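Peer 1: Mind having a look at this structure? Questions to follow.
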Amino acid sequence: MLNLDAWRKDIEAARERLQGRIRPTPLRRVTLSSPRALPIWIKPENRQITGSFKLRGATNALSLLSAAEREKGVVTASAGNHGRALAHVAAEAHVRASIFVSSLVPENKLSHIRAEGAELHIAGSSQDAAERAAREFAAETGQAFIPAFDNPAVIAGQGTLGFEILDDLPDAALVVVALSGGGLAAGLAAALKSRRADIRVVGVTMERGAAMHASIAAGHPVEVEEVATLADALGGGIGADNRYTFAMVRDLLDDTLLVSENEIAAAIRVAAGFGETVEGAGAVGLAAVLFEKISLRDPTVVVLSGGNIDPALHRRILAEAA
Ligand SMILES: *Cc1c(COP(=O)(O)O)cnc(C)c1O
């Protein structure tokens, strides 16, 4: 059984560890105009250091390693943003980091990982292949594997975002968040619901490769084909041996739903209209609100989870203005 009290304590402890190491991202009130006119609140984690909320989980997980583990170094597999975040916190702590990615990860994300001084390995053509290679490497080298989502320290780190939302807006009624492996949604929902049982949390994924959505529908983790999408950060499976996030997402989220590539592109444009640069994965929640896939409550908060979009792609999407 899910113990929300225990999660609340873990997330509170994570918040103390993150103090001064992450950037505050206060809620912003924005009014959407097209295609739907309404006021909402956004949580702009696209402005977080390293360009996504992933810094939270990576910082918490690295803080919890022993001195002996840090001495050896850390390994992960990532769709890009977790790798960059882990590379960043590892560099700050003078810990060696090896990041495994698939050939689907966009070039801008690779160069950010390299710029942090991490060792970058391109392994296979899917997130799952990169994950297998990373786990083998960790087993061979004895280095600590820090997963992108299915790990209590990572989940608790991402959950800190939920407490920040309630600090800014104690009566938040609905929070809409991007969903892939579910570390973000699980931590966020645990944080919110441990304080306010009545708050609704909805997870949003792209239609093209929605592994968690399909797994919830099936009642167990299932594989979906990984294909190119604007929401590249949401690609990859949830792991056949998923231990934490599947059950948490199933039990804590009020709904999960899907958005199309066109809807994601429209949301990227709307976000740019109110001054936020968001990547596809960071825009799926906004897309669900804009295209009326969710019954809104007042007040509604939409998490903009990341901003690491390739600049040329961003310009192209803005130029397509509908
Ligand atoms: C990783 C990521 C997500 C999804 O997070 P999960 O914990 O895998 O569900 C959403 N948005 C962005 C920008 C991400 O990098």
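The values are calculated or read from the model by the stated rules, or taken from the named source; none is laboratory data. The structure presented is a predicted model; accordingly, all values stated were derived computationally and were not measured. Please note: Cβ atoms are built from the backbone with ideal geometry, for glycine as well, and neighbour counts cover all protein chains shown. Protein only, heavy atoms only, side chains kept; ligands, DNA and RNA dropped before computing areas. Shrake-Rupley method; radii C 1.70, N 1.55, O 1.52, S 1.80 Å.
Peer 1: How high is the FRET efficiency from Lys293 to Lys72, r the C-beta distance, R0 51 Å, rounded to 0.05?
Peer 2: Rounded to the nearest 0.05, the efficiency is 0.65.
Peer 1: If we count every other residue with Cβ under 10 angstrom of Ile113's Cβ, Lys/Arg +1 and Asp/Glu -1, where does the sum land?
Peer 2: +1
Peer 1: Then there is this: Using alpha-carbon positions, what is the distance between the centroids of region 305-322 and region 76-146, in Å?
Peer 2: Going from one Cα centre to the other spans 25 Å.
Peer 1: If I compute solvent accessible area with a 1.4 Å probe over the protein chains, what percent of it on region 207-318 is carbon and sulfur?
Peer 2: 46
Peer 1: In a shell of Cβ-Cβ distance under 12 Å around Ser305, excluding Ser305 itself, what net charge do Lys and Arg (+1) and Asp and Glu (-1) give?
Peer 2: Residues near Ser305 contribute +1 overall.
Peer 1: Taking only Cα atoms, what is the 0 to 90° angle, nearest 10, from helix 81-92's long axis to the longest principal axis of the chain?
Peer 2: Once rounded, one gets 50 degrees.
Peer 1: For a paramagnetic label modelled at 7 Å from the Cα of Asp254 toward its Cβ, which residues of region 151-173 fall within the zone defined by backbone nitrogen distances under 13 Å?
Peer 2: The answer is 172-173.
Peer 1: Skip the ligands, DNA and RNA, and give the accessible area per residue of the chain with a 1.4 Å probe, whole Å².
Peer 2: 40
Peer 1: Run through region 262-299 and list the trypsin sites (Lys or Arg not before Pro) located in a DSSP loop whose Cβ has at most 15 other Cβ atoms within 10 Å.
Peer 2: Loop-located and lightly packed - Arg297.
Peer 1: Of Lys9/Lys109; Lys43/Lys293; Lys109/Lys193; Lys43/Lys193, which sit over 29 Å apart, Cα to Cα?
Peer 2: Lys9/Lys109; Lys109/Lys193
Peer 1: Could you tell me how many degrees, from 0 to 90 and to the nearest 10, lie between the Cα long axis of helix 54-63 and the main elongation axis, the longest principal axis, of the Cα atoms of the chain?
Peer 2: 30
Peer 1: Could you give the longest part of the chain that holds none of the GluC sites (Glu not before Pro) found in DSSP loops with at most 13 neighbouring Cβ atoms within 10 Å?
Peer 2: The longest uninterrupted stretch comes out as 1-224.
Peer 1: Expressed as an acute angle from 0 to 90° and rounded to the nearest 10, what is the orientation of the C-alpha long axis of helix 4-18 relative to the principal long axis of the chain?
Peer 2: Around 70 degrees separate the two axes.
Peer 1: Given springs between every Cα pair under 10 Å in a Gaussian network model of the chain, which of Ala90, Ala156, Ala115 has the largest fluctuation?
Peer 2: Residue with maximal mean-square fluctuation among Ala90, Ala156, Ala115: Ala115.
Peer 1: So what's the back-of-envelope 222 nm ellipticity for the chain, counting only DSSP H runs of four-plus at -39500 (n - 2.57) apiece and dividing by all residues, rounded to 500?
Peer 2: Using -39500 (n - 2.57) per qualifying helix, the result is -14000 deg cm²/dmol.
Peer 1: Sticking with this one: Mind checking which of Ala148, Ala186, Ala68 has the largest fluctuation in a GNM of the chain, springs on alpha carbons under 10 Å?
Peer 2: Ala68
Peer 1: Can you check what the net charge comes to around Asp168, using other residues whose Cβ is under 15 Å from the Cβ of Asp168 (Lys, Arg +1; Asp, Glu -1)?
Peer 2: +4
Peer 1: Another one. Between region 218-283 and region 1-38, how far is it from one alpha carbon centroid to the other, in angstrom?
Peer 2: Between the Cα centres of region 218-283 and region 1-38 lies a distance of 18 Å.
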